[in-house]
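Report on the following structure.
Every number here is computed from the coordinates shown, using simple stated rules; none is lab data. Owing to the predicted nature of the structure, the values given are computational and were not obtained by experimental measurement. Every residue, glycine among them, receives a Cβ derived from its backbone with ideal geometry; neighbour counts consider all protein chains shown.
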């Protein structure tokens, strides 16, 4: 692949990512959806918390596992396609639930459950996106991440 073509692939992927992220923004769209379904302010607060935890926690494990393996691409593929599948499944569940007349509480619980799945897959995907773009850093990504987190916790 030529550098020019690679640039347009990366630019297109970044644009699609930003558009998709805006469509499921935890501060607006998802919070409003969860509030409409549950009426709970605690559930609305959980939306942002779940997303932040989902972005941070998987990086410890995925970074370590990807750094030890010969290739981190399988982890990247699971994260990239998994998060897309989680949002698609959420859309299917919401549509099916609305057509079938499921209760708002059941739809709210399903939404939060699929949001957890999306968040944790997003965290593993985000970490690998950053490390794959840095090349040589990849081999020490998990060790460096674990050392910095645990040394910060110890101090």
Handout entry: Residues (surrounded by 14 or more Cβ atoms within 10 Å (Cβ to Cβ) and more than 15 Å from the chain's Cα centre (by Cα)) located in the stretch 66-78
Key = 66, 67, 72
Problem - Residue match in the stretch 6-13 (condition: within 20 Å of residue 120 (Cβ to Cβ) and without any contact (Cβ under 8 Å) to a residue 24 or more places away in the chain) - result: no
Exercise for the section: Could you run through the stretch 95-110 and say how many residues are surrounded by 10 or more Cβ atoms within 10 Å (Cβ to Cβ) and either touching a strand residue (DSSP E or B) at 6+ places or on another chain (Cβ under 7 Å) or part of a loop (DSSP other than H, G, I, E, B) (or both)? Expected result: 2
Exercise for the section: Output the residues belonging to the stretch 64-83 that are closer than 19 Å to residue 117 by Cβ and in contact with a helix residue (DSSP H, G or I) (Cβ under 6 Å, 6 or more places away or on another chain). Expected result: 75, 76, 79, 80, 82, 83
Practice task
Tell me, please, whether a residue that is more than 17 Å from residue 117 (Cβ to Cβ) and surrounded by 14 or more Cβ atoms within 10 Å (Cβ to Cβ) can be found in the stretch 84-93.
Solution key: no
